[in-house]
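Just below is one structure, and these are the notes that go with it.
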Amino acid sequence: MRYTIVVGNKNYSSWSLRPWLVLDHFGFEYEEELVPLDTPETRATLLTYSPAAKVPILVDRSYAVWDSLAIIEYLAEVKPDAGIWPEDMQERGRARTLSAEMHSGFPGLRKACPMNLRKSFPYKERGGAQARKDVERFEGIVRDRMMRSGGPFLFGKWGAVDAMFTPLATRLRTYAWPLNDETGKYVDALLDNASFKKWRDEGVKESWVLAHDEVK
Ligand SMILES: N[C@@H](CCC(=O)N[C@@H](CS)C(=O)NCC(=O)O)C(=O)O
C-alpha cells in the first residue's frame, strides 16, 4: 500500500481527523496506524515516523509529510483533478484562506470545547467572550459562503475546507452551542458525511480517556 496515515485516538484527535477525511472521501487507498496519545510510548513511536512527533503524519512509501494542512495540500497535488480544492483560482485561494484561518485560529473554542465524539452536554457558557467570538466568526463564514456557493458545503461540493471545519462542527454539537438555522444545517451536513461517520463509529468505541480533553 502506497499511503499510511498515522493518527491519534479517533475520539479526541481533531487534527488527525482532517486529512484522514480527505484521504477517505477522495478514494485514496491507505493503511492506518493509530498511535494512542499521552502514553509513555507515544513520543518514541511518533518519532519513528516524523521528527515533529505529532499526529497526523502521512507516509508516502518512505516519505513523511506531517501537519494536517500540509498533508491535505500534498494529497491535492497527488490528485489535482479530484476537486479537493475548488477549480477556480480565486475560489481556491479563498478555500485555502479559510482553511488556514481554521488551522491557526478559533483558539477560544478549541481550548474550551475539545473534540470528544463520545460525549454530549447541555449548553452552558464555555470559553467566555473568545469562544463566543469564534462561534460568531464561524457563523459569518457560513453565511458568506452559502450566499456565494448555494451550499450545501462552503464551496458547493464537499472539499478540503469542509474537512478542516468538521472537528469544529463536532464540538458545536457535543457542547450544544446555539446556532442559527443556516449554520446548524451546514454542521449537520458535515456530520452526515460518510467518511466522518466511519471515523466517528470507530472513535466512540475507543476506551482510552484523555483527562485533559474531558471537560464537564
Ligand atoms: N498543527 C498540527 C497540530 C498537531 C497536533 O498538535 N497533534 C496532537 C494531537 S491532535 C499531537 O500529536 N499530540 C501529541 C503530543 O503532543 O505528544 C497539525 O495541524 O497537524
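Some values worked out for this structure:
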item	result
Every residue from the stretch 168-216 that is surrounded by fewer than 20 Cβ atoms within 10 Å (Cβ to Cβ), touching a Leu at 6+ places or on another chain (Cβ under 8 Å) and over 26 Å from residue 38 (Cα atoms)	179
Qualifying positions in the stretch 190-216 - more than 16 Å from residue 25 (Cα to Cα), of a type in the set (A, V, I, L, M, F, W, C) and in contact (Cβ under 8 Å) with a residue 60 or more places away in the chain	204, 208, 210, 215
Pick from the stretch 10-24, criterion within 11 Å of the ligand (Cβ to nearest atom) and hydrophobic (A, V, I, L, M, F, W, C), ranking: farthest from residue 196 (Cα to Cα)	15
Among (1) among the hydroxyl-bearing types (Ser, Thr, Tyr); (2) under 19 Å from the mean Cα position of the chain (by Cα); (3) not assigned by TED's automatic domain parsing to the domain that holds residue 96, the one test that residue 207 misses	(2)
Filtered residues of the stretch 30-79 (kept if charged (D, E, K, R), under 13 Å from residue 20 (Cα atoms) and near the ligand (Cβ under 10 Å from one of its atoms))	67
The one condition in (1) outside any helix (DSSP H, G or I); (2) open to solvent by 10 Å² or more (accessible area, probe 1.4 Å) that residue 133 fails to fulfil	(1)
Odd one out for residue 99, checked against (1) hydroxyl-bearing (Ser, Thr, Tyr); (2) in a helix (DSSP H, G or I); (3) open to solvent by 20 Å² or more (accessible area, probe 1.4 Å)	(3)
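Per-residue answers, yes or no, for (1) free of Cβ contacts under 8 Å to residues at least 60 places away in the same chain; (2) small (Gly, Ala, Ser); (3) closer than 21 Å to residue 186 by Cβ:
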{"residue": "64", "(1), (2), (3)": "yes, yes, no"}
{"residue": "107", "(1), (2), (3)": "yes, no, no"}
{"residue": "120", "(1), (2), (3)": "yes, yes, yes"}
{"residue": "138", "(1), (2), (3)": "yes, no, yes"}
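The values are calculated or read from the model by the stated rules, or taken from the named source; none is laboratory data. What you see is a predicted model; the values in this text were computed from it and never measured. Counting neighbours? That spans all protein chains shown, and the Cβs are built from the backbone with ideal geometry, glycine included. Please note that ligands, DNA and RNA were not included when accessible areas were found on the heavy atoms of the full protein model with its side chains. Shrake-Rupley method; radii C 1.70, N 1.55, O 1.52, S 1.80 Å.
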